[in-house]
1. Would you confirm whether any residue within segment 129-136 is at pLDDT below 90 and over 21 Å from Pro19 (Cβ atoms)?
2. Restricted to segment 242-269, and to residues that are among the hydrophobic types (A, V, I, L, M, F, W, C) and touching a strand residue (DSSP E or B) at 6+ places or on another chain (Cβ under 8 Å), which residue is nearest to Leu48 (Cα to Cα)?
3. Go through segment 83-141 and give me each residue that's among the β-branched types (Val, Ile, Thr) and out of contact with any His (no Cβ under 9 Å at 6 or more places or on another chain).
4. Within segment 36-80, take every residue that is assigned to a loop (DSSP other than H, G, I, E, B) and touching a strand residue (DSSP E or B) at 6+ places or on another chain (Cβ under 6 Å) and give me the one that is farthest from Arg120 (Cα to Cα).
5. Within segment 153-257, considering only strands (runs of 3 or more DSSP E) that don't extend past its boundaries, which have at least 1 residues that are on the phi < 0 side of the Ramachandran plot, assigned by TED's automatic domain parsing to the domain that holds Leu14 and loosely packed, with under 15 Cβ neighbours inside 10 Å?
6. What is the residue count in segment 258-272 for residues that are part of a loop (DSSP other than H, G, I, E, B) and either of a type in the set (Ser, Thr, Tyr) or loosely packed, with under 13 Cβ neighbours inside 10 Å (or both)?
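The values are calculated or read from the model by the stated rules, or taken from the named source; none is laboratory data. Note that the structure is predicted; figures quoted are calculated from it, not measured. Because the Cβ atoms are built from the backbone with ideal geometry, glycine has one as well, and the counts that use them run over all protein chains shown.
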Amino acid sequence: MARTAPSERRQLDLFSCIPEPSGIRDYQDLMAFPFFSLAKGRRIKSLLYDRDGVTIRVEAVPEYGMATIWDADVLIWAASQIMDARNRGASTSRLLRFMPHQFLRFAGRPTGKLGYERFRAALDRLQSTTVQTNLRAEVPASDATDGRQRKARRLHRFSWINEWSELTVGGTTRGMEIILPDWFYQGIVNERLVLAIDPAYFTLTGGIERWLYRLARKHGGRSKKGWGFTFKTLYEKSGSLARYSDFALDLRRIVEKQSIPGYELTLTRDRRNRECLQVTRCDPLRLARYS
């Protein structure tokens with residue numbers, strides 16, 4: 001008789017989440033690289049990224065589709081909970097226990113029946129989406145021919161959530177548990193790869209808007225000079241399935257609306273006359289409250 005693989009739950013300490021963590025924290029690697037679908041519709045096609053030695057492959061299953069940038073709010077919430085606990089000197093774990101309304105209120109989502117159903121669907125996508133990447137995985141490797149040490153990269157493969165469970169009594173939810181992947185958890189607790197983000201992020205309704213804010217926060221930070229990318233580079237970094245012309249049109253509309261909280265967007269041209277986006281920090285007093 002085949003044996004069922006034991007659940008990780010038995011091997012992990014339980015971390016109970018609090019209703020409102022102090023501050024909102026996002027994971028830097030997820031802000032700088034394409035890991036999620038930017039579309040609200042179901043994405044099945046794999047996301048492939050290979051640039052400057054970093055490779056990322058994200059795969060989805062047809063039943064659920066790829067995890068979206070809105071689903072990533074669950075990971076922002078988890079990072080915020082973990083950092084809040086560490087700042088208080090409390091112990092943490094990859095096994096989180098919580099009430100669903102804690103997350104829904106954190107992300108500014110409705111707490112009715114539809115909100116709960118969408119949350120469960122997000123957990124399904126996060127668990128069924130698989131990621132393969134060599135990001136943040138450099139290890140020393142010796143060359144047997146000359147004995148010298150060189151840098152090598154270890155490939156990691158994981159899902160955004162290893163397991164999730166829900167306890168219901170008489171049709172009423174009494175609590176949920178999720179297990180985070182070690183790749184994500186270690187980056188928070190050991191390397192503190194998190195940045196504070198503006199609560200207004202959760203009000204952004206467009207996938208490209210959300211992605212652009214996270215990219216701006218990662219690259220722009222407190223720099224007064226800001227940063228700039230060509231539209232082509234932004235298109236590659238987004239992992240978007242949209243046509244380039246449609247993606248560029250969306251960027252121009254976002255610039256016209258100036259809808260990225262804390263940042264000013266400007267259209268420019270480089271020396272080769274390529275269309276570029278310049279992002280500079282604005283309203284520093286507001287940003288300081290979340291930095």
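1. Yes, that holds for at least one residue.
2. This residue is Ala248.
3. Across segment 83-141, the qualifying residues are Thr92, Thr129, Thr130, Val139.
4. Of everything passing the filter in segment 36-80, Ser46 is farthest from Arg120 (Cα to Cα).
5. 156-159, 163-169, 172-179
6. 5
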